[in-house]
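Chemist: Before I ask anything, here is the structure I am working with.
The values are calculated or read from the model by the stated rules, or taken from the named source; none is laboratory data. Please read all numbers here as calculations on a predicted model, not as lab measurements. Please note: Cβ atoms are built from the backbone with ideal geometry, for glycine as well, and neighbour counts cover all protein chains shown. Surface areas here come from the heavy atoms of the whole protein model, side chains and all, with no ligands, DNA or RNA. Shrake-Rupley method; radii C 1.70, N 1.55, O 1.52, S 1.80 Å.
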Amino acid sequence: MKSQFYTTAGISLSTGSFLAITTMILHPSGGTLEDIISQAPQMQIAHSIAIACIPFMLFGFYGLSDKLLNQRKLSKLALIAVTLGLFSAMLAALFNGLILPNFLNQYSANLDQNETVLNIIVSYGFSINKALDYVFIITLIFGIIIYSILIIKSQKISKYLGYFGILILIFSIIGGFTGFAFTSLIGFRIFVFSVAVWVLCSGISLIQSNKEKL
């Protein structure tokens, strides 16, 4: 029964990874108020996919945490960190991808009359979104590094996945010290793609670890 659960969790992680990558591919570049309104359908689709991937991710990480569970229960700490990060991502997707374009669309006929106020509101919304992005980045890295250490120590799944997770941490630290803009569109895409590849490898490793026992 456990092996079937881990296989399902691995498939769920892989699915969540593909959805996250799809989100970043479809994510528009934003821009002026007019740009946001014109890109509203694409923004809503991209962020809806982002929200849809979260249940797959959570179930998959739940399975990974169970696989790596030891006496210290540190995999549960990693799961809590990842859950907090994914919840932050969901809020960011709601505010930036669904609420914002819908809100601005109400003023599409008279943007010039309300441009100053709307720009202030949009700027405030982006500030909230930036804070949520930081929470997402920090908690995901924290969770991944715990998982990576447990993977290397337990060797229950491929230890190379653990080394990959540590590599993400090292590059994140270097990026932090060199002033790399993780919350910019390009910076956030690079981070999400890196994490999505790690998640995909986790799902595949989880599935393969069960096949090896059959």
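Chemist: Give the number of residues within segment 159-198 that are farther than 15 Å from TYR134 by Cα, touching a residue at least 24 places away in the same chain (Cβ under 8 Å) and open to solvent by less than 50 Å² (accessible area, probe 1.4 Å).
Modeler: Final tally of qualifying residues: 6.
Chemist: For segment 95-214, which helices (runs of 4 or more DSSP H) that fit wholly inside it have 1 or more residues that are modelled with pLDDT of 90 or more and among the acidic types (Asp, Glu)?
Modeler: On the way: elements: 100-105, 111-154, 159-177, 185-211.
Because the criterion is at least 1 residues that are modelled with pLDDT of 90 or more and among the acidic types (Asp, Glu), the helices (runs of 4 or more DSSP H) in segment 95-214 that meet it are 111-154.
Chemist: Return only the number of the condition from (1) touching a Ser or Thr at 6+ places or on another chain (Cβ under 8 Å); (2) within 30 Å of SER154 (Cα to Cα); (3) open to solvent by 20 Å² or more (accessible area, probe 1.4 Å) that ILE80 does not satisfy.
Modeler: (1) is the only condition that ILE80 fails.
Chemist: Here's another thing I want to ask about it. Six or more apart or on different chains, Cβ under 9 Å: which pairs go from a residue in segment 34-47 that's among the charged types (D, E, K, R) to one that's surrounded by 15 or more Cβ atoms within 10 Å (Cβ to Cβ) and outside any helix (DSSP H, G or I)? Could you list them?
Modeler: ASP35/PRO28
Chemist: Could you check segment 7-45 and list, in sequence order, the residues that are at pLDDT 90 or above, of a type in the set (A, V, I, L, M, F, W, C) and under 14 Å from the mean Cα position of the chain (by Cα)?
Modeler: LEU13, PHE18, LEU19, ALA20, ILE21
Chemist: Moving to a separate point now. Taking the criterion of being of a type outside the set (Lys, Arg) and touching an Asp or Glu at 6+ places or on another chain (Cβ under 9 Å), would at least one residue in segment 173-181 satisfy it? Can you show your working first?
Modeler: First, the residues of segment 173-181 that are of a type outside the set (Lys, Arg): 173-181.
This time we only want the ones that are touching an Asp or Glu at 6+ places or on another chain (Cβ under 9 Å), so: none.
Scanning segment 173-181, I find no residue that is of a type outside the set (Lys, Arg) and touching an Asp or Glu at 6+ places or on another chain (Cβ under 9 Å), so the answer is no.
Chemist: Is at least one residue of segment 52-60 open to solvent by 10 Å² or more (accessible area, probe 1.4 Å) and not hydrophobic (A, V, I, L, M, F, W, C)?
Modeler: Yes, because at least one residue in segment 52-60 is open to solvent by 10 Å² or more (accessible area, probe 1.4 Å) and not hydrophobic (A, V, I, L, M, F, W, C).
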